[in-house]
Amino acid sequence: MDIEDALEFVDYLALTTTGKHLDSLQKAILRGAWNNQKYKEIADRNHRSEKYVKEVGFKLWKLMSVALGEEQVSKANFRAKLENLQVSNVSLVGNGCIHIRNISADTFYSPKASQSESLEEETFKEQTSNTKPKVGQDLGDAPEPNLFYNRTSELTTLQNWILGRTRLITILGLSGIGKTALTLQLIPQIQHEFDYIIWRSLRNSPPLASLQTDLIKFCRGGAPVPAPSVSAPYPEERATTGGLPLLEYLRSHRCLIILDDVQTIFSSQQLAGNYQPGYENYGAFFKQIAESSHNSCLILLSWEKPREIAALEGENRPCKSLQLNGLGAEAQEIFREKGLAEPEKWSELIDLYRGNPLWLNIVATLIQDLFGGSVSEFLSYDTLFLGDLESLLHQHFDRLTASEQQAMGWLASTPEPADISKIPENLQLSRAELLNVMQSLGRRSLVETVQQNGRSHFTIAPVIREYITNKK
């Protein structure tokens with residue numbers, strides 16, 4: 001058995017035990033242990049701290065011990081255990097698959113580990129250190145952090161997804177709901193899980209090849225990226241350097257890439273998630289990130305869900321979406337900062353504006369400027385004041401198809417949540433068209449679903465209803 005056989009064997013153990021392949025650092029640790037390298041040598045070669053490499057190694061040896069039923073596999077005895085594994089017990093069965101027969105503790109010969117190595121691994125779990133691996137960050141496109149309001153459950157969900165090796169995460173919501181603030185808050189909490197963290201905005205709709213080249217350039221420490229070879233397969237799709245596409249960098253390094261303003265690469269006046277001409281390859285790129293084997297993560301921040309995401313996501317799949325809703329009681333902090341009076345009225349205000357932090361900041365400023373901070377005086381009017389909200393909502397409605405605008409007008413004129421199985425005569429849409437339209441509006445976060453009598457009914461936020469009414 002050579003090192004490649006050993007890597008293949010341990011990768012099989014990892015896959016059958018955890019459901020995940022070995023990552024690049026785990027493979028580097030195995031290679032180093034096979035060649036009797038110290039942890040410091042392995043750490044230096046992989047640009048990580050020694051203590052971090054020890055931690056990953058400790059978990060790797062524990063995984064092997066559990067998978068093989070051994071009392072202890074360690075860095076010192078790892079090679080000897082595999083080399084002494086009886087040939088009759090391991091065989092390759094096509095396509096790199098490994099078949100293991102009758103493995104037991106008697107199969108192995110365990111040489112005595114060196115005292116220093118054994119002591120190191122026995123006591124490591126109890127050691128603590130503030131030393132962290134150096135993380136390369138480029139957050140140049142990220143906006144300045146605004147005030148962050150409590151999103152504990154959402155942060156926990158995102159952290160669990162990332163630690164669980166989710167490869168593609170989409171954070172969805174209307175403008176101002178807090179997608180950017182949440183992601184900026186997430187970065188410090190998970191940054192040491194990654195080698196590189198890169199934030200890019202798509203507000204100027206960069207072609208995919210330009211974006212990939214820019215990302216690879218950062219991973220290369222700013223070195224220029226040679227043009228792709230014309231002889232390489234799909235050269236127009238591959239931003240390459242030395243023949244390596246972006247995906248190879250995502251495999252060799254653990255990268256967190258955040259793409260903001262993803263909705264700008266989608267077409268207006270089409271159903272949600274349809275790409276502008278020339279940007280369809282983004283869809284293939286997102287699909288490749290979700291389906292390919294690597295340990296990196298791509299986070300998309302968008303008003304709209306890309307069409308291919310729905311087919312890729314699932315509870316046990318490495319592609320997930322987080323629909324970001326408004327704040328609850330935490331939004332009261334906004335009113336405290338603005339100096340509004342009558343705290344007993346604040347919850348009504350939060351509900352009317354659906355807890356959207358930006359909307360609440362705008363309306364709180366309006367209440368302070370026009371009503372001396374009196375919430376009850378503001379609420380005494382029959383109509384909702386929109387003020388600066390009108391221009392923000394226009395950006396969303398300007399993207400709708402004629403059919404979507406029809407459906408939104410219908411919902412705005414219906415005081416109670418609507419049952420889409422009962423199509424009004426004045427809504428000139430077939431049942432199939434209405435279903436497509438409602439799905440699209442849901443992907444744009446413009447409709448709300450309410451369960452009534454075991455059926456889904458649909459409604460819209462009071463602010464959106466007021467905006468549509470004012471447009472008539």
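Every number here is computed from the coordinates shown, using simple stated rules; none is lab data. Note that this is a predicted model, so its numbers are computed, not measured. Methodologically, a virtual Cβ is constructed for each residue, glycine included, from the backbone with ideal geometry; neighbour enumeration extends over all protein chains shown.
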Study note, to complete from the structure: Surrounding charge for G373, neighbours by C-beta under 10 angstrom, Lys/Arg +1, Asp/Glu -1, total -2
**Study point:** Net +/- balance of residues flanking L389 in space, Cβ distance below 12 Å, scoring K and R +1, D and E -1
**Key:** -2
Review point. Rounded to the nearest 20 Debye, what is the dipole magnitude of the stretch 391-471 about its Cα centre when Lys and Arg each give +1 and Asp and Glu each give -1 at the C-beta?
Key: 140 debye
**Study point:** Over 31 Å (Cα to Cα) - which of K51/K179; K75/K320; K179/K217; K287/K422 fall in this group
**Key:** K51/K179; K75/K320; K287/K422
Review point. If you put +1 on each Lys and Arg Cβ and -1 on each Asp and Glu Cβ, how big is the dipole of the stretch 329-385 around its Cα centre, in Debye rounded to 20?
Key: 120 debye
Check your understanding: Taking 0.36 nm per residue of separation and subtracting the Cα-Cα distance, what length does fully extending D369 through N281 add?
Key -> 26.9 nm
Revision key, fill the gap. FRET efficiency for L435 and T152 from the Cβ-Cβ distance with R0 = 51 Å, rounded to 0.05, comes out at 0.90
**Study point:** Inter-probe distance in nm under a simple model that places probes 7 Å from Cα toward Cβ, at K27 and Q189
**Key:** 3.2 nm
**Study point:** Straight-distance crosslink candidates among aspartates and glutamates, where the alpha carbon sits under 17 Å from K62 and sequence neighbours closer than 8 are dropped
**Key:** D11, D23, E70, E71, E117, E120, E121, E122, E126
**Study point:** Cut-off 13 Å between beta-carbons: net charge of the residues surrounding W303, Lys and Arg +1, Asp and Glu -1
**Key:** +2
Exercise for review: Using Cα centres only, tell me the gap between the stretch 305-321 and the stretch 24-81 in whole Å.
Suggested key: 34 Å
Check your understanding: Taking R0 as 51 Å, what's the FRET efficiency between D419 and K38 from their Cβ-Cβ distance, rounded to 0.05?
Key -> 0.15
Check your understanding: Roughly how many nanometres apart are two label points built 7 Å out from the Cα toward the Cβ at A311 and K471?
Key -> 3.0 nm
